[in-house]
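Asks: Below is one structure. I have some questions about it.
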Amino acid sequence: MMNATEEFDPAVRSILDAAARRPVHERRVSVDGASLSGALAAADADGRVPLIAEVKPTSPTTAGTRTEDPVDLARAMVDGGAAALSVLTEPEHFGGSVENLERIRAAVDVPVLRKDFLLEPGHLDAVKADAALVIARFVDDVGEMVTAARERGFEPLVEVHSGAELETALDAGATLVGVNNRDLASLDVDLSTFERVAPGAPADVALVAESGIATPADARRMREAGADGLLVGSAIMAGEPREATEELVYA
């Protein structure tokens, strides 16, 4: 799927180059993972906005770094009503680690998504999680990654940015799809991306709106466009995590 000649923002190219250098783990993990899509549906049934709150110490598109214990940040998000957590494990550009994910997953009672740039099946074996992100734009065979994730017990969240990528995800058997409002080639954000792409998904596919959701109005807009869940990082990490989470969960 990934075109080696495609022009990406230099920060994205640096991330992908670092990901390509990572070791492939030979020992396959096996997980009895909690259902991310089930947690989103349960939050919806409970009258809450189904929110995946993201523990992201820093990123190429944000200023500064959060230095608090990631476990404390994660607990604050869960206390604020998050249905699930996303934890960055990319170390060089996002300040994440597999150790952070391990500690957070042991400390909370909601599903934990591993957010990283995973390019091949062996990259899945670095750490146990409940779900794993598969970015359609960056992997050569989306179906292989979806199957590999499920074989290990992860629920795959397949991320797309266009109608063509959505078709690729659906052909790969994805049942949980994230539509990223950020164009990873340019890093530009446009909430109308979700509104354009979402109608192409069948009713039995759960859709998560990702990136650019900063206010309750943004959350309502994405929900009205058909989002079954929202993934929010920067807007929560920029403030007090519990309060910022509550503001979106009860939008």
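Asks: What whole number of Å gives the distance from the Cα centroid of the range 161-221 to the Cα centroid of the range 67-135?
Replies: Going from one Cα centre to the other spans 21 Å.
Asks: Would you tally the net charge around residue 41, using a Cβ to Cβ cut-off of less than 14 Å, leaving residue 41 out, and scoring K and R as +1, D and E as -1?
Replies: Here the count lands on -3.
Asks: For the range 214-228, what does the Karplus curve 6.51 cos²θ - 1.76 cosθ + 1.60, with θ = phi - 60°, yield as ³J(HN,Hα) per residue in whole Hz, taken in order and with x for Gly and Pro?
Replies: Ordered by residue, 3J(HN,Hα) equals 10, 9, x, 5, 4, 4, 5, 4, 5, 5, 5, 7, x, 6, 7 Hz.
Asks: Under a 5 Å amide H to amide H cut-off, with H placed in plane at 1.01 Å, what residues pair with residue 135 once short-range neighbours are removed?
Replies: It is 118, 159, by chain and number.
Asks: Over the Cα atoms of the range 97-236, Rg to Rh with Kirkwood Rh, two decimal places?
Replies: Across the range 97-236, the Cα-based Rg/Rh ratio is 0.95.
Asks: Counting Lys +1, Arg +1, Asp -1, Glu -1, what net charge surrounds residue 90 among other residues with beta carbon under 11 Å of its beta carbon?
Replies: Around residue 90, the charge tally is +2.
Asks: So, one more: For q values of 0.15, 0.19, 0.24 Å⁻¹, compute log₁₀ I(q)/I(0) with the Debye formula on a Cα-only model of the range 5-94, without solvent.
Replies: Each listed q corresponds, in turn, to -0.84, -1.07, -1.15.
Asks: Which three semi-axes in whole Å describe the equivalent ellipsoid of the range 162-217, each the square root of 5 times a Cα gyration tensor eigenvalue, listed largest first?
Replies: Each semi-axis is √(5λ); the values are 20, 13, 9 Å.
Asks: If the convex hull of the alpha-carbon atoms of the chain is projected onto planes in all directions, what is the mean projected area in square nanometres? Display every interim value, and only then the final one.
Replies: Working: hull surface 46.8 nm².
Average projection, Cα convex hull of the chain: 11.7 nm².
Asks: Mind checking Rg over Rh on the range 178-247, alpha carbons, Kirkwood formula for Rh?
Replies: Radius of gyration relative to Kirkwood radius: 0.98.
Asks: Answer with one residue from 139, 80, 149: the one whose Cα lies farthest towards the positive end of the charge dipole of the chain, charges on Cβ with Lys, Arg +1 and Asp, Glu -1.
Replies: Of the options given, the answer is 80.
Asks: Here is a further query. Evaluate 2.2 N^0.38 Å with N set to the residue count of the range 141-191, then give the Cα radius of gyration divided by it.
Replies: Dividing the Cα Rg of the range 141-191 by 2.2 N^0.38 Å gives 1.20.
Asks: Moving on. Please give the charge dipole size of the range 108-251, origin at the Cα centre, charges +1 on K and R Cβ atoms and -1 on D and E Cβ atoms. Round to the nearest 20 debye.
Replies: Numbers: 12 positive and 27 negative charges, 40 e Å.
Around 200 debye, computed over the range 108-251.
Asks: While we're on this one: Work out from phi, with θ = phi - 60° and the Karplus expression 6.51 cos²θ - 1.76 cosθ + 1.60, the ³J(HN,Hα) of each residue of the range 185-199, listed in order in whole Hz, and give x for Gly and Pro.
Replies: Each residue's phi maps through the Karplus curve to give 7, 10, 6, 6, 10, 8, 4, 5, 4, 4, 5, 7, 7, 4, x Hz.
Asks: Counting other C-beta atoms within 10 Å, and keeping those with at most 14, which DSSP coil trypsin sites (Lys or Arg not before Pro) do you find in the range 1-110?
Replies: When the trypsin sites (Lys or Arg not before Pro) of the range 1-110 are filtered for loop state and at most 14 Cβ neighbours within 10 Å, 21, 27, 28 remain.
Asks: Follow-up. What's the percent breakdown of Cα-Cα distances in the range 97-160 across 10 Å bins, shortest bin first?
Replies: Spelled out bin by bin, the range 97-160 gives 23, 56, 19, 1 percent.
Bear in mind these aren't lab numbers, they're just calculated from the coordinates by the rules spelled out. Remember, it's a predicted structure, so these values are computed and weren't measured experimentally. In this analysis, Cβ positions are derived from the backbone assuming ideal geometry, glycine residues included, and neighbour counts consider all displayed protein chains.
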